[in-house]
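Undergrad: Sharing a structure, written as structure tokens. Questions coming.
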């Protein structure tokens with residue numbers, strides 16, 4: 001038994017080091033190193049997206065017809081803005097401008113386009129256009145501290161942003177195989193991301209997320225193994241009885 005103790009200690013130490021590497025992020029990145037980041041992908045409009053448009057001018061009456069509202073005053077004294085919805089062909093119907101194809105436009109693209117059209121049609125030469133997305137969200141599920149849906153409140157969002165909003169992965173989360181589900185042309189596509197590998201992570205096509213992406217963190221083998229075929233878990237009495245029986249058998253064999 002005494003001869004076995006050093007070997008057991010070495011095995012435990014090696015297992016501990018291996019486990020630590022699986023828990024930490026960016027194992028290949030050291031101080032002074034750098035990685036190439038995938039080209040920035042801003043959020044672009046897709047069918048079903050909603051957004052509001054507010055047009056401002058010194059002459060409020062000129063732009064009043066362009067600002068769709070309920071005519072009700074909100075808590076801040078401003079009228080409640082109605083949202084445009086992108087149809088399946090990628091169009092919206094804008095007051096005084098007619099149908100506009102907005103699919104694949106960024107928020108800045110759309111604001112600049114609307115301003116150009118409003119000025120060129122001499123509706124308001126000093127028009128200032130503000131576009132705000134309304135229903136852009138991503139979902140984070142699985143082994144994270146706070147799974148759920150999260151609103152996108154900026155023009156781009158990374159998978160690191162999403163995981164941060166969800167309170168980080170739990171200790172049982174499998175960092176080397178995080179899945180991102182993305183709908184592309186009517187097909188749900190799955191991407192795998194290794195959070196331990198900084199180079200692979202930052203060059204991934206899903207490093208920058210899109211609206212409606214789903215980030216799934218699967219449990220590691222330890223967490224998945226906590227439930228057995230017959231339903232026993234590490235918290236069940238039968239599990240601990242079986243474990244105690246196994247340990248007793250091993251000790252008996254060693255001490256014979």
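The values are calculated or read from the model by the stated rules, or taken from the named source; none is laboratory data. Worth saying up front: this structure is predicted, and the values here are computed from it rather than measured. Ideal geometry is used to build each Cβ from the backbone, glycine not excepted, and the neighbour counts take in all protein chains shown.
Undergrad: So residue 124 ticks every box in (1) part of a loop (DSSP other than H, G, I, E, B); (2) outside the structural domain of residue 68 (by TED's automatic domain parsing) but one. Which box is left unticked?
TA: If we test residue 124 against (1) part of a loop (DSSP other than H, G, I, E, B); (2) outside the structural domain of residue 68 (by TED's automatic domain parsing), just (2) comes out false.
Undergrad: Next up: On the basis of being not in a loop (DSSP other than H, G, I, E, B) and not assigned by TED's automatic domain parsing to the domain that holds residue 63, does residue 183 make the cut?
TA: yes
Undergrad: Of all residues in segment 163-180, which are touching a strand residue (DSSP E or B) at 6+ places or on another chain (Cβ under 8 Å), surrounded by fewer than 21 Cβ atoms within 10 Å (Cβ to Cβ) and not in a strand (DSSP E or B)?
TA: 165, 167, 168, 170, 172
Undergrad: Among the listed residues 198, 162, 190, 166, which satisfies the condition of being without any contact (Cβ under 8 Å) to a residue 12 or more places away in the chain and not assigned by TED's automatic domain parsing to the domain that holds residue 103?
TA: Going through 198, 162, 190, 166 in turn, just one is without any contact (Cβ under 8 Å) to a residue 12 or more places away in the chain and not assigned by TED's automatic domain parsing to the domain that holds residue 103: 190.
Undergrad: Right, here's the next one. When residues of segment 52-108 are filtered for being closer than 22 Å to residue 126 by Cα, at pLDDT 90 or above and assigned to a strand (DSSP E or B), how many remain?
TA: 8
Undergrad: Please go through (1) in contact with a helix residue (DSSP H, G or I) (Cβ under 8 Å, 6 or more places away or on another chain); (2) under 25 Å from residue 40 (Cβ atoms); (3) without any contact (Cβ under 8 Å) to a residue 40 or more places away in the chain for residue 133 and return the number of the only condition it doesn't satisfy.
TA: If we test residue 133 against (1) in contact with a helix residue (DSSP H, G or I) (Cβ under 8 Å, 6 or more places away or on another chain); (2) under 25 Å from residue 40 (Cβ atoms); (3) without any contact (Cβ under 8 Å) to a residue 40 or more places away in the chain, just (3) comes out false.
Undergrad: Count, please, the residues in segment 127-149 that happen to be in a strand (DSSP E or B) and surrounded by fewer than 19 Cβ atoms within 10 Å (Cβ to Cβ).
TA: 8
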